[in-house]
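Take a look at the structure set out below.
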Amino acid sequence: MTIDGREDLEALRRAGRVAARCLARMGEALEPGMTTAELDLIGREYMEARGARSAPEFCYDFPAATCISVNEEVAHGIAGERRIEAGDLVHIDVSLELDGYFSDTGAAYPVPPVSEERRRIISATRRALRSAMQQARHGRRMRNIGRAIEETATRAGFGLIRNLGSHGIGRSLHEEPKFVPGFDDPNDDRFLHDGMVLTIEPFLTNGREQAKTAKDGWTLLNRPGTTTVQFEHTIVVTRKKPLVMTLP
């Protein structure tokens with residue numbers, strides 16, 4: 001989507017605010033002993049109370065309101081009876097529709113105790129997100145986003161999940177550009193333009209660089225014992241720094 005005036009921008013901000021606050025509410029509620037289904041219900045009730053709909057459920061018949069991925073689950077984890085335990089890493093991805101506009105955000109929540117290795121990869125992924133967002137400006141090459149992520153990951157000693165990336169969003173959950181690599185692709189000759197609406201979502205890992213689909217057909221997995229971290233914002237490209245839609 002490319003925004004067409006202040007009405008679009010304000011509608012995206014409203015949707016993004018609900019998504020960000022929903023994510024924060026779920027993160028605050030997360031504790032050892034609860035099931036991922038209980039955590040998902042908190043997100044569902046928050047969205048529905050504000051007139052929003054779960055985007056993966058609405059668009060793709062995903063079997064939960066949010067995506068909750070634990071430990072070796074990289075993304076698209078299905079909430080269920082799995083209990084969250086001390087030492088787990090829980091990824092929460094909230095994407096929703098509000099009044100015809102979509103927003104997408106996500107974060108990793110480590111459950112104490114947290115190892116030094118896990119602290120390092122979480123910190124590196126946050127830096128990768130910030131660095132990539134700085135590149136999201138009118139007239140720059142789209143590949144600069146992935147280059148910033150890859151450079152940050154490499155300096156920190158981590159790899160990348162290469163079959164997941166950022167995407168366009170706005171009037172639907174996934175729009176053009178359908179895939180924005182989280183690594184530098186020298187063959188990507190696309191340019192960013194003013195008003196373009198995108199997610200930015202780096203995936204750093206100390207495991208394999210291709211996520212595998214589980215038998216449930218949804219959950220994406222890495223090897224047991226490895227760590228993958230993702231943080232995500234929805235942004236609007238401008239001629240200066242991007243406008244972040246997913247702020248509480």
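Overview of values
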read-out	value
Out of 176, 201, sole residue that is acidic (Asp, Glu), within 30 Å of residue 6 (Cβ to Cβ) and touching a helix residue (DSSP H, G or I) at 6+ places or on another chain (Cβ under 8 Å)	201
Flag if residue 103 is in contact with a helix residue (DSSP H, G or I) (Cβ under 9 Å, 6 or more places away or on another chain), surrounded by 21 or more Cβ atoms within 10 Å (Cβ to Cβ) and among the small types (Gly, Ala, Ser)	yes
Unique residue being of a type outside the set (Asp, Glu), at pLDDT below 95 and surrounded by fewer than 17 Cβ atoms within 10 Å (Cβ to Cβ) when the list is 87, 5, 33	5
The listed residue being within 13 Å of the chain's Cα centre (by Cα), crowded, with 17+ Cβ neighbours inside 10 Å and either modelled with pLDDT under 95 or at negative phi (or both), out of 168, 159, 146	168
Where residue 215 falls short, out of the listed (1) at pLDDT 95 or above; (2) within 20 Å of the chain's Cα centre (by Cα); (3) open to solvent by 70 Å² or more (accessible area, probe 1.4 Å)	(2)
First in segment 193-219 and of a type in the set (Phe, Trp, Tyr), second anywhere and assigned to a loop (DSSP other than H, G, I, E, B), Cβ under 7 Å, 6 or more apart	203/161; 203/164; 203/182; 218/62; 218/76; 218/78
Inter-residue pairs, beta-carbon under 6 Å, first within 12 Å of residue 65 (Cβ to Cβ) and in segment 19-32, second of a type in the set (Val, Ile, Thr) and part of a helix (DSSP H, G or I), 6+ apart	26/42
Members of segment 33-70 found to be part of a loop (DSSP other than H, G, I, E, B) and either touching a residue at least 24 places away in the same chain (Cβ under 8 Å) or among the aromatic types (Phe, Trp, Tyr) (or both), listed by number	33, 34, 50, 51, 52, 62, 63, 64, 65, 66
So residue 176, is it of a type in the set (D, E, K, R), buried (at least 21 other Cβ atoms within 10 Å of the Cβ) and in contact with a Gly (Cβ under 7 Å, 6 or more places away or on another chain)	no
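The values are calculated or read from the model by the stated rules, or taken from the named source; none is laboratory data. Keep in mind that this is a model prediction, so the values were computed, not measured. When we count neighbours, we look across all protein chains shown, and the Cβ atoms used for this are built from the backbone with ideal geometry, even at glycine. Surface areas here come from the heavy atoms of the whole protein model, side chains and all, with no ligands, DNA or RNA. Shrake-Rupley method; radii C 1.70, N 1.55, O 1.52, S 1.80 Å.
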